[in-house]
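Working notes, structure below.
A short reminder: the numbers here are calculations on the coordinates, not readings from a lab. Just so it is clear, the model here is predicted, and its values are computed rather than measured. FYI the Cβ positions are ideal-geometry reconstructions off the backbone, even for glycines, and counts take in every protein chain you see.
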Amino acid sequence: MALARAIIGTAAGGWLALTFAAVCGAQAFADGVDLGHGPGPGAGLLGDSAAMVLADAGTAAGNGGGNGGGNGGGGAAPAPGTLSGPSLIENLNQALENALGKAGVSDAMSLMARTAGAEPARGPVVVELFTSQGCSACPPADELLAKIADRADVIALSLHVDYWDYLGWEDPFAQPAFTARQKAYARAARSRTIFTPQMIVEGEQSLVAPSETELEQMIAREYEAPDAVALSVSGTKGNYQIELRADPPLTQNAVVQIVRFAPQARVEILRGENAGMVLDYANVVTAWHAVADWDGRTPTRLTAKIDGDEPAVVIVQSATPGKSAPLPGPILAAARLN
């Protein structure tokens, strides 16, 4: 039988303090919410500052760039791979047939037809686990998250909350900001109750103390749906270029977030409900920063500088209207930065 703990109930918390510039369709911000830095566009989505320099994708691309790839070129560009003259095409076909045989050519042409002009493969599914070392129902969920932590098709993140610390064991990984994020999800779902362990899949699907089968089915279902945002990441060694575009354009703003995490941790619990246990954790989130507010319409490029050895991911998430601040909505795209 699956167990969960619940509490009815805003808390705060406190990685990178750098500079930014915003151009065309995306607004970077340094002010956080629920972090002691004052209100900002990332309200309810855990804001803080990070190094982001934004530029319009069309400007960055030069004459060949622009929305849809043609606005800056002064005329319609030929389709990628287009070559004039039937003789060249015939010669290529003959060369393929000589090398592969007719069956091989047929297979190759089929593959080309499927991949030409195709959108990038769907990004990984984001699974957030809200957990606590002071919760006796949480270790099975921690183990379940560890099972999917290294999968290429999943970004698994463990967020430790602090509202069970009063039971006798203060979770060293807990941050009030993560409690605030879970509460924001609850408000977005019009719920007055938060649970541990709770998994949020792709920013909108809630699973309380799920079984492995339930989680796998949810991941598979979400993976079948295409990303609403085309997100591409390039660069290495802490310097990354992040490109965003949406076709069709989004109907509401989105927040670009950078998350850092520790891949593995082992903790001996000395007090509280799990006293005497030695627990292993995977992908423990250490920092979650909203770094830019994007209008979801203008193709945009961001440059991010990431310091330190901890892995990082970028998450683009819709911001739904709330009474006093935006609330976290569906995750639109995600990618690993290192």
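What nm value, rounded to one decimal, do you get for the distance between D247 and Y166 when each label is placed 7 Å out toward the C-beta?
The two pseudo-label positions are separated by 5.4 nm.
Can you tell me which of 319-329, 285-295 comes out highest on packing, and rank the rest after it, using the mean Cβ neighbours within 10 Å? Working shown, then result.
Numbers: 319-329: 17.8, 285-295: 23.2.
Ranked from most to least packed, the peptides come out as 285-295, 319-329.
At 0.36 nm per residue, and after removing the present C-alpha to C-alpha distance, how many nm does the segment from K323 to Q217 gain when stretched out fully?
Details: separation 106, 0.36 × 106 = 38.16 nm, distance 3.34 nm.
Taking K323 through Q217 to full extension adds about 34.8 nm, to one decimal.
Over all directions, the average projected area of the alpha-carbon convex hull for the range 241-314 comes to how many nm²?
On the way: hull surface 28.9 nm².
Over all viewing directions, the range 241-314 projects a mean Cα-hull area of 7.2 nm².
Give me the log10 of I(q) over I(0) for the range 158-207 at q = 0.28 Å⁻¹, as the Debye formula computes it from C-alpha points; what are the numbers?
Evaluating at q = 0.28 Å⁻¹ gives log10 I(q)/I(0) of -1.16.
Given N residues in the range 218-262, what is Rg(Cα) / (2.2 N^0.38 Å)?
Values: Rg = 13.5 Å, N = 45, 2.2 N^0.38 = 9.3 Å.
Normalised Rg, Cα atoms only: 1.44.
Between R122 and E268, how many nm apart are label points set 7 Å from Cα along the C-beta direction?
With each label point 7 Å from Cα toward Cβ, the separation is 4.5 nm.
Just to be sure I understand the model, the point goes 7 Å from the Cα along the line to the Cβ. What's the resulting K305 to S136 distance in nm?
It is 5.0 nm.
Given the Cα-Cα distance of D295 and A225 and 0.36 nm per residue of separation, how much length would full extension add, in nm? Intermediate values should be presented prior to the final figure.
Working: separation 70, 0.36 × 70 = 25.20 nm, distance 2.21 nm.
Extra length from D295 to A225 when fully extended: 23.0 nm.
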